[in-house]
Every structure is written in C-alpha cells, then in structure tokens.
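Report on one structure; see the data block that follows.
The values are calculated or read from the model by the stated rules, or taken from the named source; none is laboratory data. All values reported here derive from a predicted model rather than from experimental measurement. Note that we place each Cβ from the backbone using ideal geometry, even for glycine, and neighbour counts take in every protein chain shown.
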Amino acid sequence: MRARMLVPLLFTLGALTGCASTNLRGTGDLGVVIERATGSVQVLDTTHRTSLGRIEGLGDMSHASISYSRDERYAYVFGRDGGLTKIDLLTRRIDRRVIQAGNSIGGAISGDGKLVAVANYTPGGVKIFDASDLSLIADIPAVGADGKRSKVIGLVDAPGQRFVFSLYDSGEIWVADVHDPQKPVLHKFPNVGKEPYDGMITSDGRHYAAGLFGEDGVALLDLWNLDAGVKRALVEFGRHGEKMPVYKMPHLEGWAATGNEIVLPAVGRHEIIIADEDNWKEVARVPVAGQAVFAVARPGGRQVWINFAFPNNDTVQVLDLPTHRIVKTLKPGKGVLHIEFSPRGEQVWLSLRDEDRVEVYDPDSFARIGTLPVKSPSGIFFTERAHRIGL
C-alpha cells in the first residue's frame, strides 16, 4: 500500500522539480539591443541567437548605453532624456527608473558593483546612485577652472573604486575616488586640450585617454601615477588643421586594444591608425572604406571589425592585425551602427538601424548565421561587459 502511494508522490515531486528547473537559467549568454526609435530594448540569447522579449517605457534612447550589475541580471540603461533605468533581464521588466537630469550621455558602474554614475550634459556634472534602489548618493557639479559649468563626457569606472570623466567645455579630466561615495575625493587636471569629446580606459585599467575635437592628439592620464599629470599622445590622431567633414565622430570606447597594439579610427579620414600601446605612438595606417566609427576587436585579438559613418554605413570591414591588412569587406545593409562579439568570439552581432534588424555572422567563414527583427536597432551590449573595466 505504501509503495503504491510513494509512486505518485515521487512523480509529483519530479514534475514540480522539472517545472522549477525550466524557469532557472544563467545570464552569461544574454544581452540587450537598444531600439532607439521606440524607447525600448530587446533581451537577446546568444546561445540560440534569439530574442527573449521586449522591455518598453525607457524614454529617449537616441544615444542610449548600458552597464551591467556584477551578477549580470540587471542592466542600467542611460537614456538621452536623463533617464536612468534598471531593468531585470530574467523577468524582462523595469525594476527601477528615475529621471535624474535633463540630458545625459552615458554612465558606468563601480568596481564593487554598488554604485552607478551618470554623465550629464544638462546640467553638467556627474550623479552617483545606489545600484540597488537608484537612490541618489552624490552630486558632482562639473564646474571647471573657468568657473563655468561644463558638459561631462567619457565617464568610465577605474580600479581603486574610482570614476574618471572629461569636461568638454573647459577641457579638463577629473578622477573621483568614491571609497566614501557621499564624499567623493576629486583629482582635477585642467588644460588637457580643447574640447575632449569622448574617453576610454585601457583594459588593464591603467590609462585613460580623451580624444580632442578642437585640436589634434589625445589627452592621456596614467592612473597609476596621477602626479605625472596629463600628457599629450597620438598627435597623428586629428584633422591637422584641415576642415574635413566629419559625419560621425569615432567612439573611443570602440577603440580596439589587442595585445600591444591599439586600433583607432582617424578623425575625418578613410584610415585606421595602429599605435603601440607601450609608447602610444603610431606604427601603421590602413586605408579603409570610409570614416570609421567603431573598431571592435574579436576576443583573441587577431581580427578587428570596423563600421563606418554615412554614406558608407552599409559596409563592414575586417582587419587582420598580424598583417595590417583588410581581409574582408561585407555589405550587411543600410545603417550599421554597432558591432558586438559573443563572449568567446565565435559570433559577431551587427545592428542595422535603417533595415530594422540585427544580423549575426560567423567571423571565421564570414557567413551570416542569424537574423532578428528589431525596431531601429543601435547599441548591442552583452552581459560579459559586467566583468570588464571601463564598460
């Protein structure tokens, strides 16, 4: 009798366990693509090359970017309308949302994952929030040495519980130590160059580079030795006084750092500059199909995939680093805005804004292996970014 009762009981427990297990999953193969025209995102599954669903109500996504929580479950969406939104990738819902400024241009999450910082154009400055509930912890007005408020750009996290950012209008770089987030300690470096327009940090977290729109070169800060101040590097990077049309500024966070070389788009020119990461001097130039916007390194470092500004934004080229040669030119479609590799580099995802789709390629054969319908897609951000400095 007891044996007959035990069988249905075990069956019921097994069914319940099986049902629960189907609702559990990791987040390491997930990502988000921005739908810039509709204030929404889609959650992506890179293993199956599918979309898991859409999250709406995110505001102005015309220049949106994303940082991830340490556990990869939550994405922090920085909207152009000043919105900061925490979304849950597993439930595909908004967890928290605040309008924290009038116009923002990106953000970063601290090394310990507890703080989220947002760079603001209007009013110029940086605000720091508790990552769990988005409560405001600190407000840093970006008042330069000239006494005027400045737009903030190029905000990144840095080792040592720090944020680094640039002041566009006053030409400065600031480092904020947030060990005590309610009382950030600021290290200010004035006169770094005219109109720093974007910033990036090397993968080892040592150097912060700010590209200059108003003059040639890059402002370079060694975060291991702040007393050395800001130096000028890569004077080849610029327009050299020529009034060349620039249809879209290169994104410094799209610079490819591979091994001992840095690959970056030349401003206004149809060239890629390759520089030595040890001394930050140019070692080669490679002619390309147009004005490059992103140069994205494949994990492993052999390839760099490059997209372009209008009118060549239907083109993607592949640079082979050992030979410094373009080995493949692809024509995926109109409006290629962003490039993102899967964590181990066996897939590369492209957003085609003007054709309302995302395409997936095999970077070895260059064959298209997937396509997804997405409304006006722009940035693609995979969760492995949660464990990389400066993203």
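Residues in region 282-307 that are small (Gly, Ala, Ser) and touching a strand residue (DSSP E or B) at 6+ places or on another chain (Cβ under 8 Å): Ala284, Ala289, Gly290, Ala292, Ala295, Ala297, Gly301. Annotation note: Cβ proximity below 9 Å between a residue of region 191-207 that is farther than 24 Å from Ala297 by Cα and among the basic types (Lys, Arg) and a residue that is modelled with pLDDT of 90 or more and buried (at least 20 other Cβ atoms within 10 Å of the Cβ) (sequence gap 6+ or interchain) occurs for Lys194/Gly171.
So, in region 375-391, how many residues would count as being of a type in the set (D, E, K, R), surrounded by fewer than 20 Cβ atoms within 10 Å (Cβ to Cβ) and not in a loop (DSSP other than H, G, I, E, B)?
The initial filter retains those residues of region 375-391 that are of a type in the set (D, E, K, R), namely 375, 384-385, 388.
Narrowing the set further to residues that are surrounded by fewer than 20 Cβ atoms within 10 Å (Cβ to Cβ) leaves 375, 385, 388.
Filter again for not in a loop (DSSP other than H, G, I, E, B), leaving 385.
Selection size over region 375-391: 1.
For residues in region 101-137 being touching a Leu at 6+ places or on another chain (Cβ under 6 Å) and β-branched (Val, Ile, Thr), which is farthest from Phe78 (Cα to Cα)? Ranking the candidates gives Ile128 first.
Determine, yes or no, whether Gln347 is farther than 17 Å from Asp29 by Cα and surrounded by 18 or more Cβ atoms within 10 Å (Cβ to Cβ).
On the way: farther than 17 Å from Asp29 by Cα: no; surrounded by 18 or more Cβ atoms within 10 Å (Cβ to Cβ): yes.
In short, no.
Each residue in region 161-189 was checked for being surrounded by fewer than 17 Cβ atoms within 10 Å (Cβ to Cβ) and either among the aromatic types (Phe, Trp, Tyr) or in contact with a strand residue (DSSP E or B) (Cβ under 7 Å, 6 or more places away or on another chain) (or both), and 6 pass. Just one of the listed residues (Gly193, Gly107) is part of a strand (DSSP E or B) and out of contact with any helix residue (DSSP H, G or I) (no Cβ under 6 Å at 6 or more places or on another chain), and it is Gly107.
Could you list, in sequence order, all residues of region 40-77 that are of a type in the set (Asp, Glu) and either in contact with a Ser or Thr (Cβ under 6 Å, 6 or more places away or on another chain) or farther than 25 Å from Gly370 by Cα (or both)? Quick ask: steps written out before the conclusion?
First, the residues of region 40-77 that are of a type in the set (Asp, Glu): 45, 56, 60, 71-72.
If the condition is that a residue be of a type in the set (Asp, Glu) and either in contact with a Ser or Thr (Cβ under 6 Å, 6 or more places away or on another chain) or farther than 25 Å from Gly370 by Cα (or both), then Glu56, Asp60, Asp71, Glu72 are the ones that fit.
Taking region 34-103 as the region of interest, the strands (runs of 3 or more DSSP E) fully inside it that hold 3 or more residues being at pLDDT 95 or above and either on the phi > 0 side of the Ramachandran plot or surrounded by fewer than 18 Cβ atoms within 10 Å (Cβ to Cβ) (or both) are 50-55, 93-99.
Does Val143 meet the test of being modelled with pLDDT of 95 or more, among the hydrophobic types (A, V, I, L, M, F, W, C) and farther than 23 Å from Met61 by Cβ? So Val143 fits the description; yes. Please enumerate the residues belonging to region 294-336 that are in contact (Cβ under 8 Å) with a residue 60 or more places away in the chain and in a strand (DSSP E or B). Scanning region 294-336 gives a single hit, Gln303.
Look through Thr323, Thr371 and report the one residue that is out of contact with any strand residue (DSSP E or B) (no Cβ under 6 Å at 6 or more places or on another chain) and hydroxyl-bearing (Ser, Thr, Tyr). It would help to see each step written out before you state the result.
On the way: Thr371 fails: out of contact with any strand residue (DSSP E or B) (no Cβ under 6 Å at 6 or more places or on another chain).
Answer to the selection: Thr323.
When you scan region 360-374, how many residues do you find that are outside any strand (DSSP E or B) and among the aromatic types (Phe, Trp, Tyr)? Don't jump to the end; show me each part of the working.
The first filter runs over region 360-374 and keeps only residues outside any strand (DSSP E or B), leaving 362-367, 374.
This time we only want the ones that are among the aromatic types (Phe, Trp, Tyr), so: 366.
Residues that pass the stated criteria total 1.
Taking region 258-293 as the range and being assigned to a strand (DSSP E or B), closer than 28 Å to Asp362 by Cβ and not hydrophobic (A, V, I, L, M, F, W, C) as the test, the residues that pass are Thr258, Glu261, Pro265, Glu271, Pro287. Scanning region 221-241 for residues being part of a strand (DSSP E or B), of a type in the set (A, V, I, L, M) and either modelled with pLDDT under 95 or surrounded by fewer than 17 Cβ atoms within 10 Å (Cβ to Cβ) (or both) gives a total of 1. Do we have Val296 as buried (at least 22 other Cβ atoms within 10 Å of the Cβ), under 26 Å from Phe381 (Cα atoms) and either aliphatic (A, V, I, L, M) or in contact with a helix residue (DSSP H, G or I) (Cβ under 7 Å, 6 or more places away or on another chain) (or both) here? No.
Tell me, please, whether a residue that is surrounded by fewer than 20 Cβ atoms within 10 Å (Cβ to Cβ), under 23 Å from Arg232 (Cα atoms) and modelled with pLDDT of 95 or more can be found in region 114-129. No.
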